[in-house]
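Each remark here refers to the structure printed beneath this line.
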Amino acid sequence: MKTKQFFMLAGICICCVLSTDLKATTFYVAPNGDDNNSGSKDQPFATVQRAQNAVEPGDTVYIRGGVYLIPAGQIAANEEFRRANYACVTYLTKSGTPQKRICYFAYPGEKPKFDLSQVKPKGKRVSAFWIDADWLHLKGIEVVGVQVTITGQNTQSECFSNNGSHNIYELLEMHDAMGIGFFSRGGGNNLILNCDAWRNYDPVCDTAGGANGGNVDGFGSHYSNPEDGPNIFRGCRAWYNSDDGFDCINNGAATIIENCWAFYNGYSCEGPDDAFHLRGDGNGLKSGGYGRGPKLSNLPVPVPRNIVRFCLAVGNKSKGFDANYHADGILWYNNTAYRNNHNFHMETAGKISPEDTILTFVPGRNHVLINNLSYKGRTTNLTRIDVPTCIMINNNFDTDGVFTDANFVNLDEAELTTSRKPDGSLPDINFMKTVNAGAFGLYAKP
């Protein structure tokens, strides 16, 4: 609301327009709603898209519990990104401000579930929630059934697609879909907090070796610019995703992954016998990289040093913690790896000779590894590292001691899927905790 006040200054009447903030508004969306309604609690909208059209900075949209079975034609917009065409079912483009976020929250005590199994646009990728806005907060939303209809190797669909900055994504559940759970292709200073992505599998994408399932990661952080600032993944879990748990290739700004768990990626769990089926790459935390043989001229300046700390990688098909040929070292603190093919794979991309303009894969250089624990890697506990160029302090692979199962409180992997605590944080578990009060790994003092 704007009001006018008049003041006399030197005999001249001055008109000042004063702005007074309106009270924030709350809108509601419900499975039995109607987009012609007012959006009140008693007359809710039917779609989040309709609510976005109504909100202003500082407003909150409460999404009531129940199943939102999205009809095939409910596509808010079409987007093209890097020559890929997306059908965006919910298209959030209205930003909040630093003082007034726009919030899209599950109604307290309820779970809204968006089922996209009927949305199959020909020749397009699907994005259940496309976010091209800043200063938003999404919380408590479940997405299932995202489809892939494109054939070949470039089939990627997504549950949540971030293109903005300063957003918070909290308590999202993304599962039983053909698309990536959460994918950030731009922007920075985003927080992805206490989210779970599991059992996402693309049966269409034909990856190297003829195995389906490529491109479908639990979480991806990609294509940011150096000035964007870090994206932070905190308290998230990724399991049974057919490609990787976390993938941070091609970032211009640092990615921070902390207190996150990645397990059983590269497999799918099918049938009552819980049989494993090989799928895509299958890395737990793929923590960097710029593709194969990157040109020096294509790298960001400076190359960001990603941070992975207090994380857990268990039983992934390929690597637990993977530097993925990053063009500089990564900072690894207090991480625990168990029963991955390679627990810690540190290979980086570097110049063989000073005149090189294209980087070559070399044993990992410039890493910092402190308090990490590696146990029972199926092939290796630590591989492809140039130890003299790295800082390595108090890792169990620095010591001469030999670990046995008796060194741990328990090795019960079932604890990994224990329900979250009431505040949404990860459950307290004893899995891989050492009996000597945490000399290494996740439970060690930094």
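The values are calculated or read from the model by the stated rules, or taken from the named source; none is laboratory data. Keep in mind it's a predicted model, so treat the numbers as computed, not measured. Cβ placement follows ideal geometry from the backbone for every residue including glycine, while neighbour counts extend to all protein chains displayed. Remember, those area values only see protein heavy atoms, side chains included, never the ligands or the DNA or RNA. Shrake-Rupley method; radii C 1.70, N 1.55, O 1.52, S 1.80 Å.
Could you grab the relative contact order for the chain? Cα pairs under 8 Å, six or more apart, rounded to a whole percent.
7
Among the aspartates and glutamates, which have Cα under 12 Å from the Cα of Lys286 when same-chain residues fewer than 8 positions away are ignored?
Correct list for Lys286: Asp217, Asp243, Asp244, Asp247, Asp322, Glu347.
Placing +1 on the Cβ of each Lys and Arg and -1 on the Cβ of each Asp and Glu in the chain, which of Asn32, Ala128, Gly58 has its Cα farthest towards the positive end of the resulting dipole?
Going by the Cα projections, it comes out as Gly58.
Between Thr379 and Gln118, how high is the FRET efficiency from 1/(1 + (r/R0)^6) when r is the Cβ-Cβ distance and R₀ = 56 Å? Nearest 0.05.
Here the calculated transfer efficiency is 0.85.
Quick one: length gained pulling Asn430 to Arg185 fully straight, 0.36 nm per residue minus the C-alpha distance?
Here the segment from Asn430 to Arg185 would lengthen by 84.6 nm.
Which of Tyr68, Gly213, Thr360 sits closest to the plus end of the dipole of the chain, meaning its Cα is farthest towards the positive end, when Lys and Arg get +1 and Asp and Glu get -1 on the C-beta?
Farthest towards the positive pole: Tyr68.
Taking only C-alpha pairs under 8 Å that are 6+ residues apart, what is the relative contact order of the stretch 355-446 in percent?
Values: 112 pairs, mean separation 26.4, N = 92.
So the answer I get is 29 percent.
Go ahead and collect, in residue order, the members of the stretch 422-446 whose backbone nitrogen is under 15 Å from a label point 7 Å along the Cα-Cβ direction of Val409.
The answer is 426-445.
To one decimal place, what Kirkwood hydrodynamic radius in Å is obtained for the stretch 32-189 from all pairs of distinct Cα atoms?
The Cα-based Kirkwood calculation yields 15.7 Å.
Rank by packing, highest mean first: peptides 218-224, 121-127, with packing defined as the count of other Cβ atoms within 10 Å averaged across residues.
Final packing ranking: 218-224, 121-127.
Using 0.36 nm per residue of separation minus the Cα-Cα distance, give me the extension gain between Ser419 and Asp42 in nm, one decimal.
Residue separation times 0.36 nm, minus the Cα-Cα distance, leaves 132.5 nm.
Which order, highest average first, do 179-185, 363-369, 382-388, 422-428 follow once you tally other Cβ atoms within 10 Å for each residue and take the mean per peptide?
Put in order of decreasing packing, that is 179-185, 363-369, 382-388, 422-428.
Setting aside same-chain residues fewer than 8 positions from Lys421, which aspartates and glutamates have a Cα under 13 Å from its Cα?
Straight-line reach from Lys421, under 13 Å: no aspartates and glutamates qualify.
Taking 0.36 nm per residue of separation and subtracting the Cα-Cα distance, what length does fully extending Leu69 through Val402 add? Display every interim value, and only then the final one.
On the way: separation 333, 0.36 × 333 = 119.88 nm, distance 5.36 nm.
114.5 nm is the gain from fully extending Leu69 to Val402.
Let's test the formula: R0 of 35 Å, r as the Cβ-Cβ distance of Lys111 and Glu227. What FRET efficiency results, to the nearest 0.05?
0.40
Grab the eigenvalues of the alpha-carbon gyration tensor for the chain, scale each by 5, take roots, and send me the semi-axes largest first in whole angstrom.
One finds semi-axes of 40, 26, 23 Å for the chain.
If you place +1 on the Cβ of every Lys and Arg and -1 on the Cβ of every Asp and Glu, how big does the dipole about the Cα centre of the chain come out, in debye to the nearest 20?
Its charge dipole is roughly 700 debye.
Of the heavy-atom accessible surface of the chain (probe 1.4 angstrom), what whole percent is carbon and sulfur? Write down the numbers at each step before the final one.
Details: 9540 of 18700 Å².
So the carbon and sulfur contribution to the accessible surface is 51 percent.
With contacts defined as alpha carbon pairs under 8 Å and 6 or more residues apart, what's the relative contact order of the stretch 54-200 in percent?
With pairs under 8 Å counted, the relative contact order is 21 percent.
For the stretch 248-263, in order, what is each residue's ³J(HN,Hα) by Karplus, 6.51 cos²θ - 1.76 cosθ + 1.60 with θ = phi - 60°, in whole Hz (x at glycine and Pro)?
Per residue, the Karplus-derived 3J(HN,Hα) values read 10, 6, 6, 7, x, 10, 5, 10, 10, 10, 9, 6, 10, 10, 10, 8 Hz.
Could I have the simple spin-label model distance between Asn78 and Ile393, label points 7 Å from Cα toward Cβ, reported in nm to one decimal?
A separation of 5.6 nm, rounded to one decimal place.
Pick from Thr90, Thr47, Thr357: which residue has the top mean-square fluctuation in a GNM of the chain where Cα pairs under 10 Å get a spring?
Thr357
Heavy atoms of the protein only, probe of 1.4 Å, neighbouring chains included. What is the accessible area of Ile192 in Å², nearest 10?
Roughly 0 Å² of Ile192 is accessible to a 1.4 Å probe.
Show that you can apply the helix-only estimate: for the chain, add -39,500 (n - 2.57) for every DSSP H stretch of four or more residues, divide by all residues, and state [θ] at 222 nm to the nearest 500.
-500 deg cm²/dmol
Ranked from highest to lowest mean number of other Cβ atoms within 10 Å per residue, what is the order of the peptides 33-46, 336-349, 132-145, 429-442?
336-349, 132-145, 429-442, 33-46
For the stretch 34-124, what is the accessible area per residue in Å², given a 1.4 Å probe and the full set of protein chains?
Using a 1.4 Å probe on heavy atoms only, each residue of the stretch 34-124 averages 50 Å².
Using a 7 Å offset from the Cα along the Cα-to-Cβ direction at both Asp34 and Lys100, what is the distance between the two label points in nm, to one decimal?
Distance between label points: 3.0 nm.
How big is the charge dipole of the stretch 259-386 about its Cα centre, in debye rounded to the nearest 20, if each Lys and Arg gets +1 on its Cβ and each Asp and Glu gets -1 on its Cβ?
Rounded to the nearest 20 debye, it is 140 debye.
Given a 1.4 Å probe, how much area per residue of the stretch 313-446 is accessible, in Å²?
The answer is 43 Å² per residue.
Put one equal scatterer on each alpha carbon of the stretch 83-131, apply the Debye formula with no solvent term, and list log10 I(q)/I(0) at q = 0.22, 0.23, 0.28, 0.29 1/Å to two decimals.
Here log10 of I(q) over I(0) equals -0.93, -0.96, -1.09, -1.12.
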